[in-house]
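Student: I have a structure here, written as structure tokens, and I will follow up with some questions on it.
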Amino acid sequence: MENAVDIFAPRFQSADAAREHLEALHWPEGPFCPHCGSLNATRLPAQRGRKTKAHPEGVIRKGVVQCNDCRKQYTVTVGTVFESSKVALNKWLLANHLLCASKKGMSGHQMARMLGVTYKTAWFMMHRIREAMKDTHEGPMGGHGVTVEADETYVGGKEMNKHASKRGKNMQGGKGKQAVVALVERDGHVRSFHVAKVTGEALRSVLVTNVDRGSWLMTDDHSGYKSVGKEFTGHGIVKHSLGEYVRATYFHTNTIENFFSIFKRGIIGVYHHVSEAHLSRYTTEFDFRYNTRKLNDFERSEEALMGSRGKRLIAQNARNPGAANTGALSGATPAFPSPGAGAG
Ligand SMILES: [Zn+2]
């Protein structure tokens, strides 16, 4: 199979091979100083770190580079979501590959078993990989003559609060209904958002900040789309609530429904209960796999590895301004709350 990736490949087995793999990806022109941006660097021989209780002999540090301009030392993981982790880099690369290659995601327990780490560690690693998966192309979706489908779905929660077309037949009410609104360009990218409540205001906010107004908007007949629909070049409405599933060549929301179908199978079947606090991390994961669906598993994994740089510091800065570059990633850091609050 062309698409098959050998999980026994050296980069998944040895920390050295993993580091060389990441270096080749992130430093195509050689070491790049994350502190000052200089390419003028000297690779240092492996060195023994400070002696500690846990490591009386001192840990051997490999891959250390000395910047010839700012004189600081760094390795390829500085400034990435893998920075300062105690988990070997080859396990990070394997975790990344597994999450990228699993259509519906992978549970934290399964990941823990496959990596030989604790559930708590797997949970932290997976959330960091989701950071790497974040789309940083912030430009508007759609454009002149382009159709953007918008739709909403619910994860768990009270059936009575849902739009008529989204209610299950034999579902009981429950607590913690969570709504996700997604936008998808036909044959293009998806962006999904966790919203507190599906109101006209919430839908408008998501739509006007993400979709070019020259686009054609295609939605179901949720009343929340009516007013904002007038702000776009055109607005097609598919009336699900009347049982009228229009499947004409143009007036449909099949694209977004396909995305939601994968998303829901993953959230329900793999992750089971996703807490409100973390739902947006999971939407990031499903968006990423959808948006890279034309890549093979290897290419998709490489894409996430490329995205591993820069994200970590942003997450940390958001919660703890001025504290970038200080956190050890092995324990609970401000950006990543405890596993008890999460799921899967
Ligand atoms: Zn430097």
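The values are calculated or read from the model by the stated rules, or taken from the named source; none is laboratory data. Keep in mind the model is a prediction, meaning the values are calculated, not measured. A quick note on method: Cβ atoms are made from the backbone with ideal geometry, for glycine too, and the neighbour counts reach across all protein chains shown.
Student: Can you name the number of the only condition in (1) at pLDDT 50 or above; (2) in contact with a Pro (Cβ under 7 Å, 6 or more places away or on another chain) that residue 319 fails?
Tutor: Going through (1) at pLDDT 50 or above; (2) in contact with a Pro (Cβ under 7 Å, 6 or more places away or on another chain) one by one, residue 319 breaks only (1).
Student: From (1) in contact (Cβ under 8 Å) with a residue 24 or more places away in the chain; (2) within 14 Å of the ligand (Cβ to nearest atom), pick out the condition that doesn't hold for residue 96.
Tutor: (2)
Student: Another one. Being modelled with pLDDT under 90 and farther than 18 Å from residue 193 by Cα narrows it down to one residue among 122, 164; which is it?
Tutor: Going through 122, 164 in turn, just one is modelled with pLDDT under 90 and farther than 18 Å from residue 193 by Cα: 164.
Student: Hey, among 217, 207, 203, 183, which residue is modelled with pLDDT of 95 or more, touching a His at 6+ places or on another chain (Cβ under 6 Å) and crowded, with 20+ Cβ neighbours inside 10 Å?
Tutor: Result of the check over 217, 207, 203, 183: 217.
Student: Considering only residues that are more than 28 Å from the chain's Cα centre (by Cα) and small (Gly, Ala, Ser), look in segment 31-80 and name the one that is farthest from the ligand (Cβ to nearest atom).
Tutor: Out of the qualifying residues, it is 54.
Student: Filter segment 11-30 down to the residues that are assigned to a loop (DSSP other than H, G, I, E, B) and either away from the ligand (no atom under 16 Å from the Cβ) or crowded, with 17+ Cβ neighbours inside 10 Å (or both) and list them by number.
Tutor: Within segment 11-30, 14, 28 qualify.
Student: Between a first residue in segment 55-68 that is within 16 Å of residue 19 (Cβ to Cβ) and a second residue that is basic (Lys, Arg) and in a strand (DSSP E or B), which pairs have beta carbons less than 6 Å apart while being 6 or more apart in sequence or on different chains?
Tutor: 60/48; 65/43
Student: Take residue 72 and decide whether it is of a type in the set (D, E, K, R) and either free of Cβ contacts under 8 Å to residues at least 40 places away in the same chain or in contact with a strand residue (DSSP E or B) (Cβ under 9 Å, 6 or more places away or on another chain) (or both).
Tutor: In short, yes.
Student: Quick one: is residue 72 at pLDDT below 95 and of a type outside the set (Gly, Ala, Ser)?
Tutor: no
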